[in-house]
1. Give me, ordered by chain and number, the residues 5 or more places off Ile10 or on other chains with an amide H under 5 Å from its own placed amide H.
2. Are there trypsin sites (Lys or Arg not before Pro) in the chain that DSSP puts in a loop and that have at most 13 other Cβ atoms within 10 Å, and which ones?
3. Using alpha-carbon pairs under 8 Å, 6+ residues apart, how would you state the relative contact order of the chain in percent?
4. About the Cα centre, and with charges only on the beta carbon of Lys, Arg (+1) and Asp, Glu (-1), how big is the dipole of the chain? Nearest 20 debye, please.
5. In what order do Val16, Val30 fall by count of nearby beta-carbon atoms within 10 Å, going from fewest to most?
6. Using only Cα atoms, find the angle between the long axis of helix 55-70 and the longest principal axis of the chain, and express it within 0 to 90 degrees, rounded to the nearest 10.
7. Would you calculate a helix-derived [θ] at 222 nm for the chain, using -39,500 (n - 2.57) for each DSSP H run of n ≥ 4 and dividing by the full residue count, to the nearest 500?
8. In the stretch 3-66, with Lys and Arg counted as +1 and Asp and Glu as -1 at Cβ, which of these residues, Leu47, Ile12, Leu64, has the Cα nearest the positive end of the dipole, that is, farthest along it?
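Values in this text are rule-based calculations from the coordinates and carry no lab data. What you are looking at is a predicted structure, and each value in this text was computed from that prediction instead of being measured. Every residue, glycine among them, receives a Cβ derived from its backbone with ideal geometry; neighbour counts consider all protein chains shown.
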Amino acid sequence: MDDSKLLERIAINPKVMVGKPVIRGTRFTVQHILGLLASGMIIDEILQEYTGLTREDVLASILLAKESLETTTFAPLSSEGV
């Protein structure tokens with residue numbers, strides 16, 4: 001599945017989860033899915049625990065995070081190491 005099709009799985013609506021990106025048609029936030037991955041869960045474990053999600057939903061969440069980072073400008077938090 002190409003990137004644009006994956007991103008179609010994500011919805012942003014101010015009336016759903018205060019406008020946080022969610023998997024379309026659900027209240028599963030991208031933030032929650034990324035948190036599960038960051039905690040060490042693998043995709044198959046997430047799919048077992050959250051049966052309403054698909055592999056493509058998880059991949060779309062990762063892609064949204066990647067695309068967001070590509071368009072964000074970062075400033076150093078401190079002057080150490082600069």
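1. HN-HN under 5 Å from Ile10: Arg24.
2. The qualifying sites are Lys15, Arg27.
3. Values: 62 pairs, mean separation 22.1, N = 82.
For the chain, the relative contact order is 27 percent.
4. 400 debye
5. Numbers: Val16 16, Val30 25.
By the 10 Å Cβ count, ascending: Val16, Val30.
6. With rounding to tens, the tilt is 20 degrees.
7. Computed ellipticity for the chain at 222 nm equals -13000 deg cm²/dmol.
8. The listed residue farthest towards the positive side: Ile12.
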